[in-house]
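The values are calculated or read from the model by the stated rules, or taken from the named source; none is laboratory data. Remember, predicted model here, so these are calculated numbers, not experimental data. Every residue, glycine as well, gets a Cβ built from its backbone with ideal geometry; the counts of neighbours run over all protein chains shown. To get the accessible areas, we keep the full protein, side chains included, count just its heavy atoms, and leave off ligands, DNA and RNA. Shrake-Rupley method; radii C 1.70, N 1.55, O 1.52, S 1.80 Å.
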Amino acid sequence: MTTTGMNRGGQLLDGGAKFAAAPGIFGQLFAPGIHKLIDRIDVGLERGSITGHLPDGTTRLLGGRSPGFDAVVHLKDWRALIRLAINGSVGWYQAWEAGEWSSPDLVSVFAVMGANAQSLGNAARSKGPFKLAARFAHWFNRNDKPGARRNIQAHYDLGNDFYAQWLDPTMTYSSAILPDGVEDLAAGQRAKWQALADRIEGAKAVLEIGCGWGGLADHLQNGGAQVTAISLSDEQLAWARERQNDAITFLKQDYRDVQGQFDAIVSVEMVEALGREYWPTFMDCIARNLKPGGRAAIQYISIDDAIFDAYAASADFIQAYVFPGGLLIRTSEFRRLAQDRGLQWQDQVDFGQDYAETLKQWRMAFDAAVEDGRLPDGFDQRFIGLWRYYLDYCEGGFRCGSIDVHQVTLRMPA
């Protein structure tokens with residue numbers, strides 16, 4: 001099964017357009033204060049620097065007072081800063097897409113901004129009516145059951161022929177575990193699978209929530225478990241059923257509809273797609289379906305607690321254009337929800353730099369596929385630009401530590 005059509009990826013691009021905000025009259029209001037905004041960014045860069053080549057031909061060093069990430073930005077139009085000021089990371093992407101700014105290294109731009117997210121404050125976040133409009137648009141992407149199916153389709157059903165061109169041969173779309181010096185991404189993905197398998201060692205009946213293309217389910221089945229794997233992606237399920245172990249039960253099912261008793265549950269980078277209002281529902285699913293003494297191995301992406309409230313108050317570039325309805329996890333809140341249901345939070349391991357390396361390899365593979373003409377028909381240059389920007393944006397976040405990835409075991413007492 002392969003998604004077809006001449007406008008593949010259009011659902012993401014059109015969905016992001018709901019968050020767009022042209023400067024318009026607000027740009028005229030902000031324009032006189034453009035140099036004050038630059039001053040605020042300068043003060044907010046407590047670590048690292050941005051060398052800005054400005055539209056009037058001048059160059060200005062912002063920050064540079066203490067070590068950190070160093071970036072170069074070629075600002076070609078003052079409107080880019082106005083978009084940033086009124087619409088945060090969504091506006092910054094729209095300015096980049098419009099050619100109003102560029103950089104020889106996007107990752108460093110996102111890393112320095114992420115490293116200083118708290119001190120930059122509102123200088124790089126959406127404001128006023130734009131903030132409210134983004135929240136409103138994000139509300140329409142909420143993950144009730146129909147919304148979850150729609151959001152999953154928009155991203156994961158872009159087509160197996162698309163993902164196969166730049167993921168590693170295991171078809172795994174989550175962070176690998178890559179010790180220093182290890183560059184074999186497929187080996188790193190298998191190491192990640194084994195780390196999860198070790199957390200549920202000895203489990204016979206296993207539920208996987210959000211099974212992707214089935215690689216982890218196959219690994220667990222080969223280790224002696226009986227695996228039930230669920231997903232809402234038609235494309236992923238078609239691939240998994242065709243290529244993975246016939247003994248695995250692959251189901252198109254919402255996690256909220258699972259009713260059973262399992263020795264173990266595994267879930268890899270699925271919870272970020274839920275939205276905050278559904279975190280308790282997810283934990284209810286874990287507690288309801290685990291046998292006494294059972295264990296859940298969860299891999300999830302978090303955002304720094306210090307900036308979570310500001311992040312959650314609006315919608316960022318990723319929520320607008322890439323993962324509609326999503327929200328990164330606040331670990332302290334997620335842990336409390338687990339403990340409120342009697343689940344013991346054990347053995348948390350953090351490996352954000354491994355995700356940065358994983359993203360770097362995906363980006364290099366994606367660029368090679370574009371250069372070699374291997375992407376399937378239907379993906380236009382606008383979508384290709386969006387996807388490159390997305391991979392760079394995420395790598396920058398992991399490089400600077402504003403976002404992180406974790407594995408944790410949730411244990412149901414016997």
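Which of the residues belonging to segment 262-296 are assigned to a helix (DSSP H, G or I), aliphatic (A, V, I, L, M), touching a Phe, Trp or Tyr at 6+ places or on another chain (Cβ under 7 Å) and closer than 17 Å to GLN339 by Cβ?
VAL271
Restricting segment 395-411 to residues that are open to solvent by 30 Å² or more (accessible area, probe 1.4 Å) and either assigned to a strand (DSSP E or B) or of a type outside the set (Gly, Ala, Ser) (or both), which is nearest to ALA297 (Cα to Cα)?
Ranking the candidates gives ARG411 first.
Which condition does ASP161 not pass, out of (1) out of contact with any Pro (no Cβ under 8 Å at 6 or more places or on another chain); (2) open to solvent by 10 Å² or more (accessible area, probe 1.4 Å); (3) modelled with pLDDT of 95 or more, if it passes all the others?
Failing condition for ASP161: (1).
When you scan segment 170-187, do you find a residue that is among the aromatic types (Phe, Trp, Tyr), closer than 16 Å to SER267 by Cα, touching a residue at least 12 places away in the same chain (Cβ under 8 Å) and open to solvent by less than 10 Å² (accessible area, probe 1.4 Å), even just one?
Within segment 170-187, none of the residues are among the aromatic types (Phe, Trp, Tyr), closer than 16 Å to SER267 by Cα, touching a residue at least 12 places away in the same chain (Cβ under 8 Å) and open to solvent by less than 10 Å² (accessible area, probe 1.4 Å).
Which members of segment 304-330 meet the condition of being under 25 Å from TYR156 (Cβ atoms), part of a helix (DSSP H, G or I) and either β-branched (Val, Ile, Thr) or open to solvent by less than 10 Å² (accessible area, probe 1.4 Å) (or both)?
Once the filter is applied, which keeps residues that are under 25 Å from TYR156 (Cβ atoms), part of a helix (DSSP H, G or I) and either β-branched (Val, Ile, Thr) or open to solvent by less than 10 Å² (accessible area, probe 1.4 Å) (or both), segment 304-330 yields PHE317, ILE318, GLN319, ALA320, TYR321.
When TYR278 is evaluated against the numbered criteria (1) touching an Asp or Glu at 6+ places or on another chain (Cβ under 8 Å); (2) at pLDDT 95 or above; (3) open to solvent by 20 Å² or more (accessible area, probe 1.4 Å); (4) among the aromatic types (Phe, Trp, Tyr), which criterion, by number, is the only one it fails?
It is condition (1) that TYR278 fails.
Would you call TRP345 at pLDDT 95 or above, within 30 Å of GLN261 (Cβ to Cβ) and either touching a strand residue (DSSP E or B) at 6+ places or on another chain (Cβ under 6 Å) or not basic (Lys, Arg) (or both)?
The answer is yes for TRP345.
I need every pair where a residue in segment 349-375 that is outside any helix (DSSP H, G or I) has its Cβ under 7 Å from the Cβ of a residue that is open to solvent by less than 50 Å² (accessible area, probe 1.4 Å) and hydrophobic (A, V, I, L, M, F, W, C), sequence separation at least 6 or different chains.
From segment 349-375, the pairs are PHE351/ILE177; PHE351/VAL405; LEU375/PHE162; LEU375/ALA369.
Would segment 193-214 turn up any residue that is touching an Asp or Glu at 6+ places or on another chain (Cβ under 8 Å), farther than 23 Å from LEU237 by Cβ and open to solvent by less than 10 Å² (accessible area, probe 1.4 Å)?
No, because not a single residue in segment 193-214 is touching an Asp or Glu at 6+ places or on another chain (Cβ under 8 Å), farther than 23 Å from LEU237 by Cβ and open to solvent by less than 10 Å² (accessible area, probe 1.4 Å).
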